[in-house]
Each structure stands twice: as structure tokens, then as C-alpha cells.
Amino acid sequence: MKAARIHAHGGPEVIRIDDVPIPSGDTLIKVAATSYNPTELAVRAGMFRIDLPHTLGWDLAGEVDGDPVIGFVDSGAAAEFATAPADRIVPAPKNIPLHHAAAIPLAGLTAYQVVQDVEAGQRVLINGAGGGIGSFAVQLAKHKGAHVIATASPRGIDSVQRYGADEIIDYTKQVPTKPADVMIHLVGTPPPWTPPAPEVITAAAQFPGARHIVMRYSEDHLSTLVSLVEAGVITVDVTESYPLAAMAEVHRKGEAAAFHGKVTIVMP
Ligand SMILES: NC(=O)c1ccc[n+]([C@@H]2O[C@H](COP(=O)([O-])OP(=O)(O)OC[C@H]3O[C@@H](n4cnc5c(N)ncnc54)[C@H](OP(=O)(O)O)[C@@H]3O)[C@@H](O)[C@H]2O)c1
């Protein structure tokens, strides 16, 4: 089978499409698609301790014995087959194309967990709403009944509006100043302005006064996300798709911040 692997740390050029044996153990998934997550740029570059060679890919959508599933694995989703413990996969949403559903696990779970304590009526500032996690976070916060103030650049404004944000701030022109109850930060650098909220949660850059949340996989949370997609509460937008062979190009574009929203990588 084909797999996108790295044998050494470095730039996107270290990514190779290798022919490797189909993995064994746990549940075998025939992968339809994985998704691009920017944190994997840091894995490739060597900022985390991993064994090499390493097969890329955390999110997957595929089939187990013909049944469509989505899941989250520690590595190995950027391949034609992957294995996962049974609790790492759940039935895929029935109302969207399977390869789009690969966009859900990491971004959806992170968004689910950063908005977990948001309450109806709160004013929630989501900084970085135009990104993959942001797309889920805006919709989930709205579903909880919050008043959502979202920052996005012009390329993200339409989608953030569609997800139901009540106020949109073009971060290329303005900084958020209106008071909020909670700020959720989804940008890789700290805000160069004072958060206008007493409670600040970050899933991205850490900075003084912000509570950092790291996504913890939860089968229950992933199943809930699937139900919300099937109920039409969450729309899953895939802004671009690439074949597995183009994984190095996906990393190059990711490093150039050329994407907004979720990007999927489809198996041959
Ligand atoms: N804690 C965790 O467990 C966890 C899990 C996954 C990811 N992360 C981290 O969370 C962050 C977001 O991930 P993601 O997958 O959503 O990334 P992404 O899809 O690349 O989105 C990043 C978005 O940030 C927006 N942005 C860039 N500069 C901005 C600024 N100055 N002000 C406001 N928005 C800005 C851009 O929006 P526009 O398109 O509108 O310009 C971009 O689309 C990354 O740093 C990632 O490493 C953390």
C-alpha cells in the first residue's frame, strides 16, 4: 500500500510516498481520506519526539468491513490502510461524503473541548475563527446559545458568517475591543492586544492569563460531533482536497499559510 512517510526531520521535501506492507493488529481501516492539521508541520520538522520512519496522518475517514467510519489515530492515517483501537473509530456521518468527514476528528474534537464550558447568552470572542478548528468552534458556540464575535481575514469572512457568527472582525484591519465573557484563541501566535475578556482559553499559542487546552481523544465527543453533523447543526466545509501523492505540496502550502478551513488528502 502507499503511505506518506518521513524518514528524517526537515522541510516538506522529507515527505516520501512509500510502498509499505498493510499494517496489522487492532481494527484495520481502508482509508478514504485524511486531513491536514498544521501541528503536523511541527512533527515533520522535529519538534516532537517520534520514531522514524513515521507515517503522517491523525484524522481518518474510511471503511471497516464496508462500514463507513471516522477516527483519530496517533499516526498512520496518511496511508491506504491504517489500524486503530476499536474506541478510536466511530460510525461516519451518513449525510456528508465520506472523504469530507476526514475533516472532523482533530479540529472538531479540539473545538468541542474549547467551547465545552461556554454557556447560553455569553459573549464569546473566537480569535482565529477562519481556520479549521474555528469553523467548528463558531458553530458549536452558536449551538450552545452564545453570542459569537469572530475574527477572520477577508478569505474567511463568508464562511464565518455562514456558520452563524453574530459579529465579525476583519483582523487585518481591526483589533477586538468590545467586551466579551470568554475569549477562545486559535492562532499560533499570542494576540498583540489585550484580550477584552476576563476568561481566556487557548488551544494554540500559550500566553500569560490564558488557560491552555490540549485535545484529549474522546469516543463520546466524536460520536456527539457526528450526531450534530447528521442533525445539520454542524456543517463540514472542505475548502481543498489533494491526492496522497501531493502531501509535500500540502505541507508547503500549510507553511505558507495558504489554506483556510479544512483541507483533505484523498487516498489513491
Ligand atoms: N491544543 C490542541 O489540542 C490543538 C489541536 C489542534 C490544533 N492546535 C493548534 O490550534 C491552532 C489552529 O489550528 P487549525 O487547525 O484551526 O489551523 P488552521 O486551519 O491553519 O487555521 C488557522 C487560522 O488562523 C487564522 N489566523 C491567522 N492569523 C490570525 C490572526 N492574527 N488573527 C486571527 N486569526 C488569524 C487564519 O484565518 P483566516 O483564514 O481567516 O485568515 C487561519 O485560517 C494551530 O496553532 C494548531 O497548532 C491545537
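Just to be sure before I move on: is G261 within 14 Å of the ligand (Cβ to nearest atom) and open to solvent by less than 70 Å² (accessible area, probe 1.4 Å) in the structure I sent?
On the way: within 14 Å of the ligand (Cβ to nearest atom): yes; open to solvent by less than 70 Å² (accessible area, probe 1.4 Å): yes.
Against the criterion (within 14 Å of the ligand (Cβ to nearest atom) and open to solvent by less than 70 Å² (accessible area, probe 1.4 Å)), G261 qualifies.
Of A102, A111, which residue is within 21 Å of H212 (Cα to Cα) and open to solvent by less than 10 Å² (accessible area, probe 1.4 Å)?
Working: A102 fails: within 21 Å of H212 (Cα to Cα).
Criteria check complete, one pass: A111.
Filter the stretch 39-49 down to residues that are in a loop (DSSP other than H, G, I, E, B) and more than 15 Å from I15 (Cα to Cα), then give me how many there are. Reasoning before the result, please.
Just the residues of the stretch 39-49 that are in a loop (DSSP other than H, G, I, E, B), to begin with: 46-49.
Imposing the further condition that a residue be more than 15 Å from I15 (Cα to Cα) reduces the set to 47-49.
Final tally of qualifying residues: 3.
L60: within 16 Å of the ligand (Cβ to nearest atom), assigned to a helix (DSSP H, G or I) and either of a type outside the set (D, E) or in contact with a helix residue (DSSP H, G or I) (Cβ under 8 Å, 6 or more places away or on another chain) (or both), yes or no?
Numbers: within 16 Å of the ligand (Cβ to nearest atom): yes; assigned to a helix (DSSP H, G or I): no; either of a type outside the set (D, E) or in contact with a helix residue (DSSP H, G or I) (Cβ under 8 Å, 6 or more places away or on another chain) (or both): yes.
It is false that L60 is within 16 Å of the ligand (Cβ to nearest atom), assigned to a helix (DSSP H, G or I) and either of a type outside the set (D, E) or in contact with a helix residue (DSSP H, G or I) (Cβ under 8 Å, 6 or more places away or on another chain) (or both).
Quick grid of which residues meet (1) in a helix (DSSP H, G or I); (2) without any contact (Cβ under 8 Å) to a residue 60 or more places away in the chain; (3) open to solvent by 30 Å² or more (accessible area, probe 1.4 Å):
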{"site": "P179", "(1), (2), (3)": "no, yes, yes"}
{"site": "I184", "(1), (2), (3)": "no, no, no"}
{"site": "P196", "(1), (2), (3)": "no, no, no"}
{"site": "R216", "(1), (2), (3)": "no, no, yes"}
{"site": "D220", "(1), (2), (3)": "yes, yes, yes"}
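Being acidic (D, E) and crowded, with 17+ Cβ neighbours inside 10 Å narrows it down to one residue among D67, D59, D87, D117; which is it? Explain how you work it out, then say what you get.
Values: D67 fails: crowded, with 17+ Cβ neighbours inside 10 Å; D87 fails: crowded, with 17+ Cβ neighbours inside 10 Å; D117 fails: crowded, with 17+ Cβ neighbours inside 10 Å.
Step by step, each of D67, D59, D87, D117 is checked, and only D59 is acidic (D, E) and crowded, with 17+ Cβ neighbours inside 10 Å.
Scanning for something away from the ligand (no atom under 14 Å from the Cβ) and surrounded by fewer than 19 Cβ atoms within 10 Å (Cβ to Cβ), does the stretch 151-166 turn up at least one residue? Full working, then the answer.
Narrowing the stretch 151-166 to residues away from the ligand (no atom under 14 Å from the Cβ): 164, 166.
Narrowing further to those that are surrounded by fewer than 19 Cβ atoms within 10 Å (Cβ to Cβ): 164, 166.
Checked the stretch 151-166: at least one residue is away from the ligand (no atom under 14 Å from the Cβ) and surrounded by fewer than 19 Cβ atoms within 10 Å (Cβ to Cβ).
With within 16 Å of the ligand (Cβ to nearest atom) and open to solvent by 30 Å² or more (accessible area, probe 1.4 Å) as the only criterion, which of S75, S135 stands out? Steps first, please.
Details: S135 fails: open to solvent by 30 Å² or more (accessible area, probe 1.4 Å).
Only one candidate qualifies: S75.
The values are calculated or read from the model by the stated rules, or taken from the named source; none is laboratory data. Predicted model only: the values in this text are computed from it and were never measured. Counting neighbours? That spans all protein chains shown, and the Cβs are built from the backbone with ideal geometry, glycine included. With ligands, DNA and RNA removed, areas are computed over all heavy atoms of the protein, side chains included. Shrake-Rupley method; radii C 1.70, N 1.55, O 1.52, S 1.80 Å.
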